[in-house]
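The structure appears below as structure tokens.
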Amino acid sequence: MSAVAIIPARGGSRRIPRKNVRLFHGRPIIAYSIEAALGSHMFDDVVVSTDDRQIALVAFDCGAKVSYRDEKLCADDIGPLEVTAFTVKGLKPFEFACCIYATAPLMTALDIQRGFCTLIEMKAHYAISIYGADDRPITDAAQFIWATRLALINNEPLAGSHTALVPIAPNRVCDINTESDWKRAERMYLELNKAAA
């Protein structure tokens with residue numbers, strides 16, 4: 001098996017300025033995603049796709065590789081899967097790729113491993129982390145999207161019967177888009193670490 005992790009991280013985040021390198025409990029938040037990817041032992045390479053020098057330096061310091069992307073791929077309407085598909089075309093051939101969100105400090109290496117196992121067991125083209133419960137609709141958990149190389153190269157749509165769902169525990173799901181999301185994620189992180197101690 002050959003696999004690559006792509007972590008899209010542009011410099012121009014609007015709602016939370018410099019979000020991808022902002023300190024989260026003392027470390028740049030992207031460091032948590034890189035650490036989880038490396039700790040999963042699933043990938044030949046962990047690559048941060050960015051347009052930003054500071055993000056690139058943090059990525060290098062954390063043990064990831066860097067792929068610089070064109071400005072047109074940093075617009076607000078460009079999604080992480082589109083960035084992943086573009087990035088993998090410039091890399092050596094592989095069988096699988098995992099798009100990992102840069103701001104997912106509650107994600108674990110085990111989540112990433114479970115995602116791959118689900119992709120294989122379901123014979124899916126994609127496997128996406130989701131959050132949902134009896135009283136809530138299923139939504140993207142904003143942690144990862146596993147994909148086959150062919151699905152990415154052929155630009156297959158994410159939604160469909162070929163996509164497997166990977167449930168994430170509610171106490172480890174927080175999509176960080178606003179300041180209140182950030183504060184909530186910090187509280188959740190503390191609670192998780194307190195429980196683990």
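Nothing in this text is a laboratory measurement; each read-out follows from the coordinates by a stated rule. In this text, all values refer to a predicted model and were calculated from it rather than measured experimentally. Counting neighbours? That spans all protein chains shown, and the Cβs are built from the backbone with ideal geometry, glycine included.
Yes or no: Gly26 surrounded by fewer than 21 Cβ atoms within 10 Å (Cβ to Cβ) and touching a strand residue (DSSP E or B) at 6+ places or on another chain (Cβ under 9 Å)?
In short, no.
A quick yes/no check of all residues on (1) assigned to a strand (DSSP E or B); (2) closer than 15 Å to Leu106 by Cα:
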| site | (1), (2) |
| --- | --- |
| Ile7 | yes, no |
| Ser13 | no, no |
| Ile16 | no, no |
| Asn20 | no, yes |
| Ile30 | no, yes |
| Ile34 | no, yes |
| Ala37 | no, yes |
| Met42 | no, no |
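List, please: which pairs have Cβ atoms under 6 Å, are six or more places apart or on different chains, and start with a residue in segment 156-181 that is in contact (Cβ under 8 Å) with a residue 12 or more places away in the chain and at negative phi and end with one that is part of a helix (DSSP H, G or I) and surrounded by fewer than 15 Cβ atoms within 10 Å (Cβ to Cβ)?
Every condition considered, the pairs that remain are Cys174/Arg184.
Restricting to strands (runs of 3 or more DSSP E) lying wholly in segment 58-145: which have 1 or more residues that are out of contact with any Phe, Trp or Tyr (no Cβ under 8 Å at 6 or more places or on another chain) and at negative phi? Give the steps one after another, and end with the answer.
Numbers: elements: 65-68, 96-100, 126-133.
Answer list for segment 58-145: 65-68, 126-133.
Take the conditions more than 20 Å from Glu82 (Cβ to Cβ) and more than 17 Å from the chain's Cα centre (by Cα) and apply them to Arg172. Does it pass?
In short, no.
Answer yes or no as to whether Phe24 is aromatic (Phe, Trp, Tyr), under 22 Å from Asn171 (Cβ atoms) and in contact (Cβ under 8 Å) with a residue 40 or more places away in the chain.
yes
So which of Ala97, Ala127, Ala141 ends up being touching a Gly at 6+ places or on another chain (Cβ under 6 Å), of a type in the set (Gly, Ala, Ser) and surrounded by 23 or more Cβ atoms within 10 Å (Cβ to Cβ)?
Ala127
Give me the pairs: first residue in segment 183-197 and under 10 Å from Asn171 (Cα atoms), second residue assigned to a helix (DSSP H, G or I), beta-carbon distance under 9 Å, and six or more apart or on different chains, which are they?
Partner pairs satisfying both residue conditions: Ala185/Ile29; Met188/Asn171; Met188/Arg172; Tyr189/Tyr32; Glu191/Asn171; Leu192/Asn171; Leu192/Arg172.
In segment 74-91, which residue that is in contact (Cβ under 8 Å) with a residue 24 or more places away in the chain and out of contact with any Leu (no Cβ under 8 Å at 6 or more places or on another chain) is nearest to Asp140 (Cα to Cα)?
Among those that are in contact (Cβ under 8 Å) with a residue 24 or more places away in the chain and out of contact with any Leu (no Cβ under 8 Å at 6 or more places or on another chain), it is Pro80.
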